[in-house]
Amino acid sequence: MIARGIVLLIAAAVAFGALRLAYGQRPAYVHVRWARTVDAAGRVQMERSYHLTRGELREGNTWGYYVTDVSGANLRALVENPGVEDTHNIHRTAFRIWRTAPRGDYLGTRPAWIASALELLVPGCLALGALMIAAGAFRTWRTRRVQAAPAVS
C-alpha cells in the first residue's frame with residue numbers, strides 16, 4: 001500500500017511538471033495605479049515591457065490587467081518602477097502574485113481541457129497518495145504492535 005502511495009506521489013509530480021512545461025503559469029489579474037506623471041504613451045510602453053495584457057481602466061489612474069509574466073524579476077521591476085504608485089494582488093516585498101489573485105486562462109494553442117485535467121489530477125494524486133501512505137504506515141505499525149505484544153495466558 002505504501003508503494004502504491006509513492007507511485008501516486010510520483011504521478012502527481014510528473015503531472016505537475018507536464019502542466020508547467022506545456023502550459024506555464026496562468027496569467028494573474030492585478031491592479032496597477034500609475035503615477036500622474038505617466039502619460040498614455042508611457043503607460044502603453046510599460047504595459048508591453050511588463051507583460052500586462054487586457055488592460056481596463058478601473059478608476060482614476062488605476063488599471064486592471066492580466067500579467068502574463070509572473071516571474072519575480074518582472075514583478076519586482078514593475079513594483080519598483082517610479083511610474084507605478086501602487087499595485088493590488090502583487091506582494092510588494094516578496095515580488096510574487098497573491099494566492100487569492102484571480103487567474104486567467106492558460107495562454108497558447110494547446111487544448112484547455114488537458115490543462116484542466118492535469119490541474120485536477122495533481123491534487124487528486126497527492127491526496128490519494130498521502131492517504132495510501134498513511135494507511136500503509138498505520139497497518140504496518142498495527143501489525144508490528146500486535147506481533148510484539150506478549151501472549152496473555
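The values are calculated or read from the model by the stated rules, or taken from the named source; none is laboratory data. From a predicted model like this one, the values you see are computed outputs, not experimental measurements. Cβ coordinates were reconstructed from backbone atoms using ideal geometry, including for glycine residues, and neighbour counts include every protein chain displayed.
Only one entry in G17, G42 is in a helix (DSSP H, G or I), touching a residue at least 12 places away in the same chain (Cβ under 8 Å) and exposed (fewer than 14 other Cβ atoms within 10 Å of the Cβ), namely G42.
Residues A117, A127: which one is out of contact with any Asp or Glu (no Cβ under 7 Å at 6 or more places or on another chain), modelled with pLDDT of 95 or more and small (G, A, S)?
A127 is the lone residue from the list that is out of contact with any Asp or Glu (no Cβ under 7 Å at 6 or more places or on another chain), modelled with pLDDT of 95 or more and small (G, A, S).
Could you tell me which residue of segment 99-114 is nearest to Y65 (Cα to Cα), considering only residues that are without any contact (Cβ under 8 Å) to a residue 12 or more places away in the chain and not β-branched (V, I, T)? Step by step, filter segment 99-114, then rank; the result is R99.
Sort out which residues of segment 20-39 are under 21 Å from R99 (Cβ atoms) and either outside any loop (DSSP other than H, G, I, E, B) or modelled with pLDDT of 95 or more (or both), and write them in order of number. If the condition is that a residue be under 21 Å from R99 (Cβ atoms) and either outside any loop (DSSP other than H, G, I, E, B) or modelled with pLDDT of 95 or more (or both), then R20, Y23, P27, A28, Y29, V30, H31, V32 are the ones that fit. Is it the case that some residue within segment 51-72 is in contact with a Lys or Arg (Cβ under 8 Å, 6 or more places away or on another chain), surrounded by fewer than 17 Cβ atoms within 10 Å (Cβ to Cβ) and either outside any loop (DSSP other than H, G, I, E, B) or free of Cβ contacts under 8 Å to residues at least 24 places away in the same chain (or both)? Yes, some residue in segment 51-72 is in contact with a Lys or Arg (Cβ under 8 Å, 6 or more places away or on another chain), surrounded by fewer than 17 Cβ atoms within 10 Å (Cβ to Cβ) and either outside any loop (DSSP other than H, G, I, E, B) or free of Cβ contacts under 8 Å to residues at least 24 places away in the same chain (or both). I90 meets each of the listed conditions (1) surrounded by 13 or more Cβ atoms within 10 Å (Cβ to Cβ); (2) aliphatic (A, V, I, L, M); (3) closer than 30 Å to L131 by Cβ apart from (3). Within segment 101-110, is there a residue that is out of contact with any Lys or Arg (no Cβ under 9 Å at 6 or more places or on another chain) and at pLDDT 95 or above? Within segment 101-110 (the criterion being out of contact with any Lys or Arg (no Cβ under 9 Å at 6 or more places or on another chain) and at pLDDT 95 or above), the answer is yes, since at least one residue qualifies.
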